[in-house]
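**Student:** Below is one structure. I have some questions about it.
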Amino acid sequence: MSTLASLQMLLDSLNSSAPSNRTDKTANRSSAWCQGVFIPNELFLTLGLVSLVENVLVVTAIIKNRNLHSPMYYFICCLAVSDMLVSVSNLVETLFMLLMEHGVLVLQTSIVRQMDNVIDMMICSSVVSSLSFLGAIAVDRYITIFYALRYHSIMTMQRAVIIIAGIWVASTISSSIFIAYYKNNAVILCLVGFFLSMLILMVGLYIHMFSLAHHHAKNISSLQKKRTVHQMTSMKGAVTLTILLGVFFMCWGPFFLHLTLIVTCPKNPFCTCFFNYFNLFLILIICNSVIDPLIYAFRSQELRKTLKDVVPSRSRAVLCSVPK
């Protein structure tokens with residue numbers, strides 16, 4: 001049984017139609033790598049706690065500092081909330097599993113199934129919303145660089161709020177559909193297709209941004225010095241979001257490949273071996289939630305300054321309680 005059972009149900013149809021490596025001792029001996037990687041529940045729990053604390057600090061810092069009250073940082077704030085959904089679902093799932101394993105908590109099968117559905121929705125909503133907010137940030141950076149003089153009239157706070165609300169509504173609806181019809185291959189392919197389409201869109205947008213910005217930088221005269229500084233600041237923001245996109249792809253890519261293989265080759269020996277590393281893919285997903293706040297802090301001087309004010313007042317007791 002997977003450590004994070006909320007996503008394990010994606011393998012139900014696979015396990016019912018494909019031979020299990022756990023029961024095929026001969027296959028396990030011939031291919032040691034097919035046995036997967038054992039990951040203790042304590043690691044899931046620790047990473048979940050670290051991710052939750054980090055993202056809460058980021059959200060708190062953005063809310064606290066009025067200089068960060070802009071569409072881009074609101075999108076980043078929502079991206080942190082998306083990461084928190086993964087952290088919270090992981091913590092709840094792991095805690096309940098540990099309590100049930102030790103006989104402290106006894107729940108009916110129907111209740112466990114309902115809990116799984118709720119956690120599934122949280123994780124699926126996190127996937128869709130994270131990709132959507134990364135796309136929104138990419139568009140925001142594009143407008144900042146190439147339509148600097150019209151930026152505040154194009155990306156108003158009202159439009160940003162509408163975009164944010166629309167993304168959360170769409171994420172909730174799509175995650176509900178995914179959970180209701182998770183055994184349908186078409187639904188899985190739609191999720192994978194959304195991941196690939198958003199990835200292609202953002203990569204294309206960033207390539208266009210960097211190439212045109214580099215070309216414009218060569219043609220800018222000394223009289224346009226202020227605009228140059230503004231563009232350099234905007235490009236720094238674009239670089240930050242490019243790093244975020246790369247980290248997201250590295251951490252979530254194996255999971256989406258896993259979903260693709262479930263549909264394309266569920267009985268192939270190589271694919272069945274790949275499926276046994278499901279827990280490792282889940283750890284990568286949680287690591288994405290841990291890494292993102294570090295990127296915000298290191299790339300944004302304003303956010304880093306605010307975090308220095310927030311951490312002592314919010315987290316000093318927690319940090320001091322950690323064994324030296």
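The values are calculated or read from the model by the stated rules, or taken from the named source; none is laboratory data. Bear in mind the structure is a predicted one, so any value in this text is a computation, not a measurement. Every residue, glycine as well, gets a Cβ built from its backbone with ideal geometry; the counts of neighbours run over all protein chains shown. Accessible surface is based on the protein model in full, side chains and every heavy atom, while ligands, DNA and RNA are left aside. Shrake-Rupley method; radii C 1.70, N 1.55, O 1.52, S 1.80 Å.
**Student:** So, of the residues in segment 98-121 that are under 15 Å from residue 42 (Cβ atoms) and not hydrophobic (A, V, I, L, M, F, W, C), which turns out to be most open to solvent (accessible area, probe 1.4 Å)?
**Tutor:** Within segment 98-121, the match that is most open to solvent (accessible area, probe 1.4 Å) is 102.
**Student:** Return the residue satisfying two criteria in turn: it lies in segment 246-277 and is among the β-branched types (Val, Ile, Thr) and farther than 24 Å from residue 126 by Cα, and of such residues it is modelled with the highest pLDDT.
**Tutor:** Here the answer is 264.
**Student:** Here is a follow-up. When both residues are 6+ apart or on different chains and their Cβ atoms are under 9 Å apart, which pairs have a first residue that lies in segment 43-55 and is open to solvent by 10 Å² or more (accessible area, probe 1.4 Å), and a second that is not charged (D, E, K, R) and not in a helix (DSSP H, G or I)?
**Tutor:** Pairs that qualify, where the first residue is open to solvent by 10 Å² or more (accessible area, probe 1.4 Å) and the partner is not charged (D, E, K, R) and not in a helix (DSSP H, G or I), are 43/3.
**Student:** Kindly list, by first and then second residue, each pair from a residue in segment 286-305 that is touching a residue at least 60 places away in the same chain (Cβ under 8 Å) to a residue that is outside any helix (DSSP H, G or I), limited to pairs with Cβ atoms under 7 Å and residues at least 6 apart or on different chains.
**Tutor:** 302/65
**Student:** If I ask for residues that are of a type in the set (A, V, I, L, M), touching a Ser or Thr at 6+ places or on another chain (Cβ under 8 Å) and within 20 Å of residue 240 (Cα to Cα), which ones from segment 128-154 would you list?
**Tutor:** 145, 148
**Student:** With the requirement that a residue be surrounded by fewer than 16 Cβ atoms within 10 Å (Cβ to Cβ) and not in a helix (DSSP H, G or I), what does segment 255-308 give you?
**Tutor:** Correct list: 265, 267, 268.
**Student:** Run residue 182 past the list (1) surrounded by 13 or more Cβ atoms within 10 Å (Cβ to Cβ); (2) modelled with pLDDT of 60 or more; (3) in a helix (DSSP H, G or I) and report the number of the one that doesn't hold.
**Tutor:** Every listed condition holds for residue 182 apart from (3).
**Student:** State all residues of segment 144-172 that are of a type in the set (A, V, I, L, M), over 23 Å from residue 55 (Cβ atoms) and open to solvent by less than 20 Å² (accessible area, probe 1.4 Å); if no residue qualifies, say none.
**Tutor:** Once the filter is applied, which keeps residues that are of a type in the set (A, V, I, L, M), over 23 Å from residue 55 (Cβ atoms) and open to solvent by less than 20 Å² (accessible area, probe 1.4 Å), segment 144-172 yields 145, 155.
**Student:** Same structure again: Can you run down the residue pairs with Cβ atoms below 6 Å, 6 or more apart or on separate chains, where the first is in segment 199-214 and closer than 16 Å to residue 136 by Cα and surrounded by 13 or more Cβ atoms within 10 Å (Cβ to Cβ) and the partner is modelled with pLDDT under 80 and hydrophobic (A, V, I, L, M, F, W, C)?
**Tutor:** 202/245; 209/145; 209/238
**Student:** Here is a follow-up. Give the residue, chosen from 134, 91, 95, that is in contact (Cβ under 8 Å) with a residue 40 or more places away in the chain and open to solvent by 70 Å² or more (accessible area, probe 1.4 Å).
**Tutor:** None of the others qualify; the one that does is 95.
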